[in-house]
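Following: one structure in structure tokens, then a few remarks.
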Amino acid sequence: MADKSLSEALDSVLKSLRKFEADFGVLTGRLREIGGISSLSVDEAEKLKSVKAHLSTFQREISDVVNYGSHVTTQVSVVPLAIRCKNWEDFKSHAFNANTLSFLYRDEEKTFQVDAFKEGKVYTYSGKIPSGAKLLRTWLSKELGVAEEEVLEGLLTIG
């Protein structure tokens with residue numbers, strides 16, 4: 001499908017979905033009103049059961065369509081923002097529950113650098129080391145709420 005016809009097809013789908021969304025809002029409002037009625041006749045209960053079956057089928061079809069298109073990816077190159085923290089508490093508050101941590105242990109200087117990737121940003125802190133790389137990994141994990149296996153010794157780089 002050519003780019004222009006694909007774009008037109010997507011525009012058409014979006015327009016139809018907006019109309020459907022409005023109609024569906026009216027439908028769900030009516031169903032909520034009906035659901036508030038405590039006594040239904042046998043015939044009405046059967047009709048309500050049929051409505052629920054149609055909605056379940058419809059839900060499955062929507063799920064299938066959404067999952068079918070899930071293999072399509074959009075590649076957008078975004079360079080993460082790099083933030084260098086001078087204060088451990090600043091780093092800790094921003095990097096807590098990061099997706100990934102890396103650290104570099106410098107034994108000679110008794111210092112370390114830790115990089116945390118979170119929400120498209122790389123936070124960096126350098127400072128004096130508590131003691132030993134293994135201890136540092138465990139300490140960083142606990143301090144920043146990141147699983148120990150997600151704390152990597154090394155450096156996070158951009159690009």
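If you scan region 92-149, which residues turn out to be in a loop (DSSP other than H, G, I, E, B), modelled with pLDDT under 85 and of a type in the set (A, V, I, L, M, F, W, C)? Listed by number, the list holds a single entry, Ile129.
In a residue-by-residue description of region 33-53, the property of being at pLDDT 80 or above, basic (Lys, Arg), in the same structural domain as Val65 (by TED's automatic domain parsing) and within 23 Å of Val65 (Cα to Cα) applies to no position.
The values are calculated or read from the model by the stated rules, or taken from the named source; none is laboratory data. Since this is a predicted model, take the numbers as computed values, not measurements.
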